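The values are calculated or read from the model by the stated rules, or taken from the named source; none is laboratory data. Values in this document were obtained by computation on a predicted structure and should not be read as measured data. When we count neighbours, we look across all protein chains shown, and the Cβ atoms used for this are built from the backbone with ideal geometry, even at glycine.
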Amino acid sequence: MSLNWKEINLVLGELDLPGSQIQGVVQSTFDVLGLRLHKKGGGPGQKGVTRLLLVALTTGACRLHETFRAFPKSEKPLRFAQFLNSRIVNGRIEEAVQLGDDRIVRLTVRRGENRLRLYVRLWSNAANLVVTDEEGVILDAMRRLPGKGEVTGGRYAPETGIAVKPAGGGRQYEVRQLPDTGAGNGGAGFNARIDAYYAEHGNALSLEALREQARRDCAGSTARLTAALEKLRAKESGFAGAERLKEYGDIILANLSRVNPGDEWLEAQNFFDPAGGVIRIKLDAEREPAAQAEVYYGQYGKAKKGLADVRREIEAGERQLAEVAEKLSQLTAEDNPLVLAKLLRAGGTGKTGGAKKPGAPAKDKKRPGLSFQCGDWLVIVGRDAEENDALLRRHVKGDDLWLHARDFPGAYVFIRRRPGKTFPLEIMLDAGNLAIFYSKGRNTAAGDLFYTRVKYLRRAKNAPKGLVIPTQEKNLHIKLDEARLRRLETCRIRE
């Protein structure tokens, strides 16, 4: 449950925020941020106090209090934190009060000649943090709500809506009696107790809820990997009879004089069988006798190669299963709910307490081929069928862009997608130059390309490794640009 008005007053009374300097703002998620505060000592010899004020607008767990736990940063800077850092850092809190018993906290911050007001509305289903000037004009809001007028340029002055409630009327609230957390976790104050309570019971930010989410996520990954491994092992069993195909070819060659054009079967002694029994081998009635063995040798070659590929995929799948198990172990061992929530959003274990994130896509250390960092865009080049196939299977996703020379064999080039961004023409020209350069059309100095999303590629049945059939493809004509290729060489990631 969220803090009630009496608990908010107790929190503010303990913290004594007026006079505190704001040293920084950290936003870990879209609804949780922290203000790093420092307040000088009250007299000679008295040490100052540095604290982290947590503001959470999480439904069912709206609160404002000091936190004694590590506060993680977001993977990328969030808009509202950047706004606050530009406006209130190095400012001082002049006032920190709750407006009546309405669970709206007003922080007045002065920096130089400017004074701003931060309204923290701790209503479970309508929480927000709104920043205004002294006239009540909204400068920004943590949650922009056009329907309520809580957007830049709107007006927000909740003081005018505070109604005096009759004594004894309505629901009565009391401060919860929470267990003492001990001196090691901030002492016996209410802020320390409420911080520990929400770490365990704070709905979306509670440890048990987050750990259960981690278990569900990992269980889903485990189920998908296990199903894929079952299919691969079934293929492995089918390929396991590859040696028998070679034996058929040898037996046919040893009995060519007994094979007549139009025969559909050959019955001969099986000299591979220690018991020396008779074997019956199916023939293609339309082939010449000497070509009958080549059919089985060809099938043997494909099966043997397919068996090696399937076994490599099985090994990779088993490694991924082990990584998921280790990931779950590391996630469930994390005891800071804010860090755990961040790790779940990132889809991995990150670096927490020295733990290494397995299979981190940002590093992608085992990725085959060549990689180029073109500004904010990652371009990947597979130079042959092996690398093309490996990239398609394990290193690119459905919304990545695929490019390939239209009339020449050669590289598959992929542009890694960026959420909310379209592929710029300059990046496509970079990728197109790489696609022509790493194809057999390099000497022509120009060529046409297919390009489409990876999700629109279809593997051709019984086709060579890496061969795909594109759909919804478009055309791009490329002329090799020597200056562009020289620049791309400087952008190459060398591992």
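Let me confirm something: among K356, K455, K397, K366, which residue is closer than 30 Å to L340 by Cβ and modelled with pLDDT of 85 or more?
Answer to the check: K397.
Can you pull out the residues in segment 244-272 that are surrounded by 12 or more Cβ atoms within 10 Å (Cβ to Cβ), out of contact with any strand residue (DSSP E or B) (no Cβ under 9 Å at 6 or more places or on another chain) and not in a loop (DSSP other than H, G, I, E, B)?
The answer is R244, L245, K246, G249, D250, L253, L256.
Would you point out which residue out of E200, E150 is at pLDDT 90 or above and assigned by TED's automatic domain parsing to the domain that holds V11?
On the way: E200 fails: at pLDDT 90 or above.
Answer to the check: E150.
Scan segment 32-73 for residues that are surrounded by 15 or more Cβ atoms within 10 Å (Cβ to Cβ), in contact (Cβ under 8 Å) with a residue 24 or more places away in the chain and among the charged types (D, E, K, R) and jot them down.
Matches in segment 32-73: R51, R63, E66, R69.
Under 7 Å between Cβ atoms, at least 6 apart or on separate chains: pull out the pairs that start in segment 8-27 with a residue that is under 13 Å from E66 (Cβ atoms) and surrounded by fewer than 16 Cβ atoms within 10 Å (Cβ to Cβ) and end on any residue that is at pLDDT below 95 and small (G, A, S).
Close Cβ pairs (under 7 Å, with a partner that is at pLDDT below 95 and small (G, A, S)) amount to E14/G189.
Has segment 256-278 got any residue that is farther than 30 Å from R215 by Cβ and in contact with a Phe, Trp or Tyr (Cβ under 8 Å, 6 or more places away or on another chain)?
Checked against the condition, which is being farther than 30 Å from R215 by Cβ and in contact with a Phe, Trp or Tyr (Cβ under 8 Å, 6 or more places away or on another chain), segment 256-278 yields no hits at all.
Within the set of pairs 6+ apart or on separate chains, which have a first residue in segment 109-124 that is assigned by TED's automatic domain parsing to the domain that holds K39, a second that is part of a strand (DSSP E or B) and of a type in the set (S, T, Y), and C-beta atoms under 6 Å apart?
Taking only residues 6 or more apart or on different chains, the pairs are R117/T108; R117/T132.
Give the residues of segment 466-484 that are touching a helix residue (DSSP H, G or I) at 6+ places or on another chain (Cβ under 8 Å), within 30 Å of V310 (Cα to Cα) and in a strand (DSSP E or B), sorted by residue number.
Result: V468, P470.
How about segment 57-100: which of its residues are at pLDDT below 85 and farther than 25 Å from A192 by Cα? Quick ask: steps written out before the conclusion?
Filtering segment 57-100 down to residues at pLDDT below 85 leaves 58-61, 69-77.
Matches in segment 57-100: E75, K76, P77.
Residue-wise test of (1) surrounded by fewer than 16 Cβ atoms within 10 Å (Cβ to Cβ); (2) outside the structural domain of D376 (by TED's automatic domain parsing); (3) assigned to a strand (DSSP E or B).
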position: K397; (1), (2), (3): yes, no, no
position: F408; (1), (2), (3): no, no, no
position: R417; (1), (2), (3): no, no, no
position: I427; (1), (2), (3): no, no, no
position: K455; (1), (2), (3): yes, no, no
position: R458; (1), (2), (3): yes, no, yes
position: K461; (1), (2), (3): yes, no, no
position: P464; (1), (2), (3): yes, no, no
position: R486; (1), (2), (3): yes, no, no
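Mind listing whichever residues of segment 279-299 are loosely packed, with under 11 Cβ neighbours inside 10 Å and touching a strand residue (DSSP E or B) at 6+ places or on another chain (Cβ under 6 Å)?
R280, the sole residue that qualifies.
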